[in-house]
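This report refers to the structure that appears directly beneath it.
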Protein chains: 2
Amino acid sequence: MQDMKVLVGFITTPEGEAALEAAIAEAKLRDARLVVVHSLVGGGRDEDQLPEYKKALDAVAARLEADGVDHEIRELVRGNAPGNDLLEFSRDEAVDLIVIGVRRRSPVGKLVLGSNAQDILLGADCPVLAVKPAKS
Amino acid sequence: MQDMKVLVGFITTPEGEAALEAAIAEAKLRDARLVVVHSLVGGGRDEDQLPEYKKALDAVAARLEADGVDHEIRELVRGNAPGNDLLEFSRDEAVDLIVIGVRRRSPVGKLVLGSNAQDILLGADCPVLAVKPAKS
């Protein structure tokens, strides 16, 4: 039997961290493999962020290792916006669930969903789980 | 221990049916109670749809009964838009997961998420699972 796959995009924000935590829980619940995707535009346009990302990604790998989660980490440098990169990857790899982080709306502000979140929610062939950071 | 609760709005569209199917699967996976909410504005504004809804809701109840899913069906008539009704209910009842159906984007069209879906995705305290009808 083919393993189920849970996909999460890697991003060092409170939303990204909430998504990673939820994706770990979902992968365990479904006995699925967790695929952590790091999407870079490439062409030198995000090189300044690389050292920071590498460090954070290493920490994620160590954490998943210690936690005994079946996982793989994939770095994509294909000139795509992150939302489209995740979508394309989810189709190519027949992913079963995508987990995304969305911002928590302030009590007053009328927030709209970001374009990456909208693209993924509308374009995904598989279910998408949207989670928020804990209330601060 | 308090039971986990999975919430789904009842609506007789392909998106609503996809959401119900996914919510049943999630409730089973999490050993949770499935709460099916039927939201009506009330005040005579949706009375013409009532017989049709009653029939469909009875069919859902029979199906959940036969399937052995721990569930409850709640009809809300509080003058609210469905999205806000679901949100308010999810907070009052400390729901653990909301399942919603979203439209499948056509290969050409640039679709935006409906306002109920956006309200729920942005306003929910708990995770939201967005699913689509099967490809036709």
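The values are calculated or read from the model by the stated rules, or taken from the named source; none is laboratory data. Small disclaimer: the values here were computed from a predicted structure and weren't measured. A quick note on method: Cβ atoms are made from the backbone with ideal geometry, for glycine too, and the neighbour counts reach across all protein chains shown. Remember, those area values only see protein heavy atoms, side chains included, never the ligands or the DNA or RNA. Shrake-Rupley method; radii C 1.70, N 1.55, O 1.52, S 1.80 Å.
Do we find that A:Val60 is out of contact with any Cys (no Cβ under 8 Å at 6 or more places or on another chain), open to solvent by less than 20 Å² (accessible area, probe 1.4 Å) and farther than 23 Å from A:Gln118 by Cβ in this structure? Spelling it out, A:Val60 is indeed out of contact with any Cys (no Cβ under 8 Å at 6 or more places or on another chain), open to solvent by less than 20 Å² (accessible area, probe 1.4 Å) and farther than 23 Å from A:Gln118 by Cβ. Quick check, is A:Ala81 within 14 Å of chain B (Cβ to nearest Cβ) and of a type in the set (A, V, I, L, M)? No, not satisfied.
Might you let me know whether the stretch A:116-127 holds any residue that is crowded, with 19+ Cβ neighbours inside 10 Å, touching a Lys or Arg at 6+ places or on another chain (Cβ under 7 Å) and within 29 Å of B:Leu111 (Cα to Cα)? The answer is yes; a qualifying residue exists. Inspection of the stretch A:102-113 identifies no residue that is part of a strand (DSSP E or B), touching a residue at least 12 places away in the same chain (Cβ under 8 Å), within 9 Å of chain B (Cβ to nearest Cβ) and closer than 21 Å to B:Asp125 by Cβ.
Return the residues of the stretch A:1-52 that are assigned to a strand (DSSP E or B) and β-branched (Val, Ile, Thr); say none if nothing qualifies. If you could, list the steps in order and put the result at the bottom.
If we filter the stretch A:1-52 for residues that are assigned to a strand (DSSP E or B), which is where we start, we get A:5-9, A:33-40.
Scanning the stretch A:1-52 gives A:Val6, A:Val8, A:Val35, A:Val36, A:Val37.
With respect to A:Arg74, determine if the residue is more than 10 Å from every other protein chain (Cβ to nearest Cβ) and either part of a helix (DSSP H, G or I) or without any contact (Cβ under 8 Å) to a residue 40 or more places away in the chain (or both). In short, yes. Those residues that are aliphatic (A, V, I, L, M) and more than 8 Å from every other protein chain (Cβ to nearest Cβ), I need them from the stretch B:118-136; list them, please. Scanning the stretch B:118-136 gives B:Ile120, B:Ala134.
What number of residues within the stretch B:23-45 satisfy the criterion of being open to solvent by 20 Å² or more (accessible area, probe 1.4 Å) and either within 14 Å of chain A (Cβ to nearest Cβ) or more than 10 Å from the chain's Cα centre (by Cα) (or both)? Outline the logic, then answer.
Here is the first cut: in the stretch B:23-45, the ones open to solvent by 20 Å² or more (accessible area, probe 1.4 Å) are B:25, B:28-31, B:33, B:39, B:41, B:43-45.
Now restrict to residues that are either within 14 Å of chain A (Cβ to nearest Cβ) or more than 10 Å from the chain's Cα centre (by Cα) (or both): B:25, B:28-31, B:33, B:41, B:43-45.
Qualifying residue count for the region: 10.
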